[in-house]
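Inspection log for the structure reproduced underneath, given as structure tokens.
The values are calculated or read from the model by the stated rules, or taken from the named source; none is laboratory data. For clarity, every value in this text was computed on a predicted model and none was experimentally measured. Cβ: placed from backbone, ideal geometry, glycine included. Neighbour counts: every protein chain shown. Just the protein is used for accessible areas: all its heavy atoms, side chains included, with ligands, DNA and RNA removed. Shrake-Rupley method; radii C 1.70, N 1.55, O 1.52, S 1.80 Å.
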Amino acid sequence: MAEVVVDRVTKRFGDVEANRDISLTVPNGEFMVLLGPTGAGKTTLLRLIAGLERPDAGNISFDERIVTDDPPAQRNVSVVFQQYSLYPHLTVFDNLAFPLRAPARRVPEIEIRRRVEEVARLVRIDHKLTNSAVRLSGGEMQRVAIGRALIRRPSIYLMDEPLSSLDAKLRADLRVELKHIQADLGATVLYVTHDQVEALSMASRIGILERGRLVQVGTPQEIYERPASMYVAGRLGIPPINFLPVDALPVDSAPSQTTIVGARTEHIELLPAIDGQAEVVLVEHLGGEDFLHLRVGEHKLVTLVPPGGHWHSGARARVRLCGPLCFDAAGKRLAA
Amino acid sequence: MAEIELQNIQKRFGDFTAVRESSFTIRDGEFFVLLGPSGCGKTTTLRMIAGLELPTGGRILLDGEDVTYKRASERDIGFVFQLFALYPHMNVHENIAFPLRCQGVGRAEIKRRVAEVAELLRIEHLLGRSVSGLSGGDSQRVALGRALVRRAKACMMDEPLGALDAEFRHLMCSELHALHDRIRATTVYVTHDQTEAMAMADRIAVMNHGVVAQIGSPQDIYDRPLAMHVAGFIGSPPMNFLRFTSGLAPGEQSVHMNGETIRVPALRQGAVEGELALGVRPEHVSIGDTGEMRGQVFGVEYMGTMQIVTINTKHGQLKARVPSRQRLHVGEAVALAFDSERLLVFDTVSGGALQSRLFEGSANG
């Protein structure tokens, strides 16, 4: 495993600046997640590190060795894509063994068998090693694809939305598994996703991309609790954070330059009150909790409440914000 | 608007039974969701109501009238499918107006009704636009508009949000729900996404292997699932099942699981020693120093306000949903306490829930 350093990298496609002046260090053994919406430049950055694209400016180095001009094969990276792309004519065993059988590697067959079995246990596919790759469920295929990446010990594992084609339950299971595998191997991982749940739950650190720029890097807690800007704050939280003018609701404390406050469920104090300033417009039942949609004047507010039917459409509530995030006119967060 | 009644409806494709002997009534103005994994028969059921498939047995009544063998076009039912299927050579206005044109509605009336629907869906500003440049969400709004403009007796929706990305899907969910609150059209909605079902349904029918396993309000199905596959299909993460073997007598208020005793709602039904499972929702577990069960933290998933903690116990793995301010570490030994009034016990052989006090006073529809 290696430390990967991206140093002032820019990549253009025609007029579009996909990555703009990005600097990022992924320390050895870290699980780094790049989070951003479609078009933010996260996949481009991953492809630059893999060597599938060349930057227009800047350098990429692995353990202090500059690899900017090296082709992918010389970089010793392992990539998992969203689409599993297994070899359909090969068994699970042979798919897993494939990277080790490259002529240049000359790994003895007995060593191949040992490593395939080890990895197959890790991704829990060891009971299907002799199956043909096409006779697997979607989740199994993706586990094989991840296993095939893990069988090598590259400098870094690059993963581009590897779980997004799976169903919700399997995705939840594999999230925990993948994090475990990474920790067990001490692997360096750069993982690209637009799913905030994956980012929050798996990352050692998250990098947030906004239109080609890396706008904040930090632990999930840092990014969630102390986002640099409204843009970052808006990436995280279910339901999404509520942005309101500072004078829309009573706020316990806010710096004087505050123009917008960002309120998540944990910042919202809610009491039933006939003369309350907020009106319930919709209660969405989600089972373990309810989404409460409120209207405060012309503003909307969504928050979580425990289920149990205490709230109904048309009810009124008194709302107060306690310790919300505060932003200035430019959308930058102000320290409390 | 209309009531839809299915009587012993059945559909076979050759040897394969897609839907077996299902009877239920969809109430006038109701948002009714057919929920289940792929292949459970939910889409086939919807297509039979719409008249796109003929049942091999049973009857379908639309407002009391037998429509079982009527053509789709004679049933006065609107559709929205997962793939928006807009007419690419027409603009938004023409797409929405299309069903009315086919019915020979007059120009002025068409204009009025398209404008009304467009306002409802907040797409007035798009009416003159070509549909080819629209975003996924706007395309889906246009498709909805086309279904609503007819003012059909009922509206059938087959995974209409399936093609949208997660963030946007939630927004559309809220929008559809609010829209239904306003127009109260009888709606049958097919999905495999339990979040959508929970968020929008007045009632949910959970299907599995061609059978309707349970019908009820979202909260009822969530709190009082009658079968393991229902409980395990709903919730995020879904219900945990912890296996044990000791027998149970009716009236018991606790279960003995391999040396650990867990309090449960008083059982009205016993079970002989065999394969049983304790059903626990992730939010009904608290983690601390004392509790009814021991475990070891296997994984911690930070989710912002809340975290999901995976715990290995001697009865199997369990996920708990607890506030993130509680600091927990992988490998840590912990004790688990349960919200005993909310626990269920299942017979894992039949898959059914054992009756208990929890089920009394339930508002099953």
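Percent of Cα-Cα pairs more than 16 Å apart in region B:167-210, please. Above the 16 Å cut-off, region B:167-210 has 38 percent of its Cα pairs. Counting heavy atoms of the protein chains alone, B:F298 has an accessible area of about 40 Å² for a 1.4 Å probe. Estimated at the nearest 10 Å², the accessible area of A:L86 is 30 Å² with a 1.4 Å probe. Applying both filters, DSSP loop and at most 12 other Cβ atoms within 10 Å, to the trypsin sites (Lys or Arg not before Pro) of region B:272-365 gives B:R325, B:R327. Centre-to-centre, using Cα atoms only, region A:97-167 and region A:211-242 are separated by 34 Å.
For chain B, what does -39500 (n - 2.57) per DSSP helix run (n ≥ 4), summed and divided by total residues, give at 222 nm, in deg cm²/dmol to the nearest 500?
On the way: 8 runs with 84 residues, N = 365.
Helices in chain B give a 222 nm mean residue ellipticity of -7000 deg cm²/dmol.
Looking at chain B only, what percent of DSSP beta bridges run antiparallel? Nearest 5 please. Mind showing how you got there, number by number?
Details: 60 of 78 bridges.
DSSP beta bridges in chain B are roughly 75 percent antiparallel.
Computed from backbone phi, the HN-Hα couplings of region A:131-145 come to 5, 6, 4, 7, 9, 10, 6, x, x, 5, 4, 5, 5, 5, 4 Hz, rounded to whole numbers (Karplus: 6.51 cos²θ - 1.76 cosθ + 1.60, θ = phi - 60°; Gly and Pro given as x).
Taking each residue of B:309-319 in turn, how many C-beta atoms of other protein chains fall within 10 Å of its C-beta, and what is the average?
On the way: counts 0, 7, 0, 0, 0, 0, 0, 0, 2, 0, 3.
Rounded to a whole number, the mean comes out at 1.
Per residue of peptide B:193-201, the mean number of Cβ atoms on other chains within 10 Å of the residue Cβ is 3. What the phi angles of region A:301-306 give under the Karplus curve with 6.51, -1.76 and 1.60, with θ = phi - 60°, is a coupling list of 9, 10, 9, 9, 9, x Hz, glycine and proline written as x. Residues whose amide H lies under 5 Å from that of B:A2, counting only those 5 or more places away or on a different chain, are B:G29, B:T186; hydrogens are built 1.01 Å from N in the peptide plane. For A:Y87, the solvent-accessible surface with a 1.4 Å probe is about 80 Å², rounded to the nearest 10. Comparing B:D193, B:D66, B:D202 in a Gaussian network model of chain B, where Cα atoms under 10 Å apart are tied by springs, the biggest mean-square fluctuation is seen for B:D66. Across region A:83-89, computed HN-Hα scalar couplings (Karplus, 6.51 cos²θ - 1.76 cosθ + 1.60, θ = phi - 60°) run 8, 5, 6, 8, 7, x, 8 Hz from first to last residue, x flagging Gly and Pro. Taking amide H positions as modeled 1.01 Å from N, with prolines and chain starts lacking one, the residues under 5 Å from B:N240 and 5 or more places away or on another chain are B:V280, B:R281. Answer rounded, prolate or oblate for region A:213-304, using the Cα gyration tensor with square roots of eigenvalues a ≥ b ≥ c: rounded when a/c is under 1.5, else prolate when a/b is larger than b/c, else oblate. In terms of gyration-tensor shape, oblate.
At a 10 angstrom cut-off on C-beta neighbours, averaged per residue, how do the peptides B:123-133, A:242-252 rank from highest to lowest? All intermediate terms of the calculation are to be shown ahead of the outcome.
Details: B:123-133: 14.5, A:242-252: 17.3.
The densest-packed peptide leads the list: A:242-252, B:123-133.
Would you work out the relative contact order for chain A, in percent, from Cα pairs under 8 angstrom that are 6 or more residues apart?
Working: 700 pairs, mean separation 59.1, N = 336.
The normalised contact order for chain A reaches 18 percent.
Relative to the longest principal axis of the Cα atoms of chain B, helix B:136-148 runs at roughly 70 degrees. The mean sequence separation of alpha-carbon pairs under 8 Å and at least six residues apart, normalised by the residue count of region B:220-273, gives a relative contact order of 27 percent.
Summary: within chain A, the longest segment free of trypsin sites (Lys or Arg not before Pro) located in DSSP loops with at most 11 other C-beta atoms within 10 Å is A:107-336.
For peptide A:286-294, what's the mean number of Cβ atoms from other chains within 10 Å of each residue's Cβ?
Working: counts 9, 17, 12, 3, 3, 6, 0, 3, 0.
For this peptide, the per-residue mean of nearby foreign Cβ atoms is 6.
Inter-label distance, B:S286 to A:D21: 5.1 nm, where each label sits 7 Å from its Cα along the C-beta direction.
The charge dipole of the protein assembly as shown, taken about the Cα centre with unit charges on the Cβ atoms of Lys, Arg (+1) and Asp, Glu (-1), comes to about 1180 debye, rounded to the nearest 20. Its Cα centre serving as origin, region A:1-123 has a Cβ charge dipole (Lys and Arg +1, Asp and Glu -1) of approximately 320 debye. Averaging the sequence gap over all C-alpha pairs within less than 8 Å and six or more residues apart, then dividing by the number of residues, gives chain B a relative contact order of 16 percent. Packing, as the average of other Cβ atoms within 10 Å across residues, places the peptides B:244-250, B:328-334, B:152-158 in the order B:152-158, B:244-250, B:328-334, highest first. In loop segments of region A:279-336 as defined by DSSP, the GluC sites (Glu not before Pro) with at most 12 further C-beta atoms inside 10 Å of their C-beta are A:E298.
Taking the charge dipole of region A:214-321 about its Cα centre, with +1 at Lys and Arg Cβ atoms and -1 at Asp and Glu Cβ atoms, the residue from A:H312, A:S253, A:S229 reaching farthest to the positive side is A:S229. Counting only Cα atoms, the size of chain B along its three principal axes is 76, 47, 37 Å, in decreasing order.
Treating only the Cβ atoms of Lys and Arg (+1) and Asp and Glu (-1) as charged, compute the dipole magnitude of region A:273-336 about its Cα centre; round to the nearest 20 debye.
Numbers: 7 positive and 7 negative charges, 49 e Å.
Once rounded to the nearest 20, the dipole reads 240 debye.
Taking the charge dipole of region A:57-111 about its Cα centre, with +1 at Lys and Arg Cβ atoms and -1 at Asp and Glu Cβ atoms, the residue from A:I66, A:T91, A:V80 reaching farthest to the positive side is A:T91. Positive-end ranking of B:G299, B:G316, B:T348 along the dipole of region B:275-348, with charges on Cβ about the Cα centre, is headed by B:G299.
Taking amide H positions as modeled 1.01 Å from N, with prolines and chain starts lacking one, the residues under 5 Å from B:V264 and 5 or more places away or on another chain are B:S254, B:V255. At q = 0.20, 0.30 Å⁻¹, what base-10 log of I(q)/I(0) does the Debye formula yield for region B:58-109 when every alpha carbon is treated as an equal point scatterer in vacuo? These q points yield log10 I(q)/I(0) values of -0.88, -1.18. If the Kirkwood radius is taken over C-alpha pairs of chain A, then at 10 °C and 1.306 mPa s the Stokes-Einstein diffusion coefficient equals 71 µm²/s.
Extending 7 Å from the Cα toward the beta-carbon at both A:R8 and B:E21 defines two label points whose distance is 7.7 nm.
Could you tell me whether the protein assembly as shown comes out rounded, prolate or oblate from its Cα gyration tensor? Rule is a ≥ b ≥ c as square roots of the eigenvalues, rounded for a/c under 1.5, then prolate if a/b exceeds b/c, otherwise oblate. Rounded shape, in that the Cα axes give a/c under 1.5.
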